[in-house]
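Peer 1: Right, I'll just put the structure down here and ask away after.
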Amino acid sequence: MALRSAIIGCGGYLPPTIITNDELAARFNLDTSDEWIRERSGIRQRHLAGPEDNCSTLAAEAARRALESAGVTADEVDVLVLATATPDSAFPATAVRVQALLGMTRGFGFDVSAACTGFVYALSLADAMIRSGQARCALVIGSEVYSRILDWTDRASCVLFGDGAGAVVLRAEEGERGILSTHLHSDGRHGDILHVEGGAGSTGGTGLLRMAGREVFKHAVTKLASAVDEALEANGLSRDDVQLLVPHQANIRIIDAMGRKLGLPKDRVVVTVDRHANTSAASIPLALDEAWREGRIRPGDLVLLEAIGGGLTWGAALARF
């Protein structure tokens, strides 16, 4: 029987500082309100990193909790894949910083940059290495500190994001459970509708996030629905077979639209955007961890993950628990 990558543990970490919509508007003198933000996004609060936090420290804490959940030590991990758009530095990879924080002295680690779709990309890479026999145990993390790249004068974008990290542990197993398939896409023609100006290899730019919200929304539901149908068709499954949807937490309108397309009642769609805001690559593993801890995922459940982000990138993954 072929090997599969079973998800055997989840963990999440959110910085302790919580900022409500009203507090955010007051702190940055924004011409906005709690009602305006909630109506357009579903967000009522977000967690923001403190001066002592960075991508690697958030990631390491989420990883520790995932390892504990799985009953696995850092010494058993063969590969660490970290999805982030807000790394500690251009290099070394933030993944190796996390290795050091975990005391992980074997195996290898690297970063993946695919914006909000980053966790699905990272999961796909780790799954491929397990299926090929290159690894037997993988730690997959999404960690972001978007508060460091936001333009706090732009009310259209700065109110939408938060900081946090989530992680899962994968282990090679024979049997029915595990990641069934992953499906990745990108279209660079739309790269400018959600991007960060400048970077380590650029000759200029502010280093701040820029977003054409309406354009992103226009692409979101159609591209996500296409990726979801692709994943189900690849496995000979239908929308009725899905027990739980764990979507990228960008906007409640997009989440609700995907739930309706799948015909899922609201109690079978995981929603954290109201409390976490958009934590980019961290949003799916954070939501998955919450569902895991609340007992919403039962043995045998088919769980669907999907995300869209800057690039544009988008993708889906199906996992049997």
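Peer 1: Among the listed residues 228, 196, 221, identify the single one that is touching a residue at least 12 places away in the same chain (Cβ under 8 Å) and crowded, with 21+ Cβ neighbours inside 10 Å. Outline the logic, then answer.
Peer 2: Numbers: 196 fails: crowded, with 21+ Cβ neighbours inside 10 Å; 221 fails: crowded, with 21+ Cβ neighbours inside 10 Å.
That would be 228, the only listed residue that is touching a residue at least 12 places away in the same chain (Cβ under 8 Å) and crowded, with 21+ Cβ neighbours inside 10 Å.
Peer 1: Quick check, is residue 67 in a helix (DSSP H, G or I) and crowded, with 21+ Cβ neighbours inside 10 Å?
Peer 2: Details: in a helix (DSSP H, G or I): yes; crowded, with 21+ Cβ neighbours inside 10 Å: yes.
So residue 67 passes the test.
The rows are residues; the columns are (1) touching a strand residue (DSSP E or B) at 6+ places or on another chain (Cβ under 6 Å); (2) at pLDDT below 95.
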site	(1), (2)
220	yes, yes
248	yes, no
260	no, yes
285	yes, no
290	no, no
303	yes, no
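Peer 1: Continuing with this model, one more query. Would you point out which residue out of 88, 75 is acidic (Asp, Glu) and out of contact with any Cys (no Cβ under 6 Å at 6 or more places or on another chain)?
Peer 2: Values: 88 fails: out of contact with any Cys (no Cβ under 6 Å at 6 or more places or on another chain).
Unique residue meeting the criteria: 75.
Peer 1: Could you run through the stretch 218-232 and say how many residues are over 18 Å from the mean Cα position of the chain (by Cα) and either under 25 Å from residue 150 (Cβ atoms) or of a type in the set (Ser, Thr, Tyr) (or both)?
Peer 2: Looking only at that region, the number is 4.
Peer 1: Scan the stretch 18-59 for residues that are more than 17 Å from residue 157 (Cβ to Cβ) and among the β-branched types (Val, Ile, Thr) and report the count.
Peer 2: Looking only at that region, the number is 3.
Peer 1: If you don't mind, another one. Which residue, of 182, 203, is modelled with pLDDT under 95 and polar (S, T, N, Q)?
Peer 2: The match here is 203.
Peer 1: Then there's this: Looking at 287, 316, can you tell me which residue is closer than 17 Å to residue 42 by Cβ and buried (at least 23 other Cβ atoms within 10 Å of the Cβ)? If you could, list the steps in order and put the result at the bottom.
Peer 2: Working: 316 fails: closer than 17 Å to residue 42 by Cβ.
Result: 287 is the single residue among 287, 316 that is closer than 17 Å to residue 42 by Cβ and buried (at least 23 other Cβ atoms within 10 Å of the Cβ).
Peer 1: Would you check if there is a residue in the stretch 51-64 being at pLDDT 95 or above, over 30 Å from residue 106 (Cα atoms) and charged (D, E, K, R)?
Peer 2: Here is the first cut: in the stretch 51-64, the residues at pLDDT 95 or above are 51-64.
Keeping just the survivors that are over 30 Å from residue 106 (Cα atoms) gives 51.
Pick out the ones that are also charged (D, E, K, R) and you get none.
There is no residue in the stretch 51-64 that is at pLDDT 95 or above, over 30 Å from residue 106 (Cα atoms) and charged (D, E, K, R).
Peer 1: Does at least one position in the stretch 120-131 carry a residue that is crowded, with 17+ Cβ neighbours inside 10 Å and hydroxyl-bearing (Ser, Thr, Tyr)? Please lay out each step first, then the result.
Peer 2: In the first step, residues of the stretch 120-131 are kept if they are crowded, with 17+ Cβ neighbours inside 10 Å; the result is 120-127, 129-130.
Among the residues that remain, those that are also hydroxyl-bearing (Ser, Thr, Tyr) are: 121, 124.
Yes: the stretch 120-131 contains one or more residues that are crowded, with 17+ Cβ neighbours inside 10 Å and hydroxyl-bearing (Ser, Thr, Tyr).
Every residue, every condition in (1) without any contact (Cβ under 8 Å) to a residue 40 or more places away in the chain; (2) surrounded by fewer than 17 Cβ atoms within 10 Å (Cβ to Cβ); (3) in a helix (DSSP H, G or I), yes or no:
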residue: 4; (1), (2), (3): no, no, no
residue: 23; (1), (2), (3): yes, yes, yes
residue: 26; (1), (2), (3): yes, yes, yes
residue: 31; (1), (2), (3): no, yes, no
residue: 61; (1), (2), (3): no, no, yes
residue: 81; (1), (2), (3): no, no, no
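Peer 1: Sticking with this structure for a sec: Tell me whether the stretch 95-108 contains one or more residues that are in contact (Cβ under 8 Å) with a residue 60 or more places away in the chain and either surrounded by fewer than 20 Cβ atoms within 10 Å (Cβ to Cβ) or not assigned by TED's automatic domain parsing to the domain that holds residue 277 (or both).
Peer 2: If we filter the stretch 95-108 for residues that are in contact (Cβ under 8 Å) with a residue 60 or more places away in the chain, which is where we start, we get none.
No, there is no match, as no residue in the stretch 95-108 is in contact (Cβ under 8 Å) with a residue 60 or more places away in the chain and either surrounded by fewer than 20 Cβ atoms within 10 Å (Cβ to Cβ) or not assigned by TED's automatic domain parsing to the domain that holds residue 277 (or both).
The values are calculated or read from the model by the stated rules, or taken from the named source; none is laboratory data. The shown structure was predicted, so the numbers you read here are calculated from the model rather than taken from an experiment. A quick note on method: Cβ atoms are made from the backbone with ideal geometry, for glycine too, and the neighbour counts reach across all protein chains shown.
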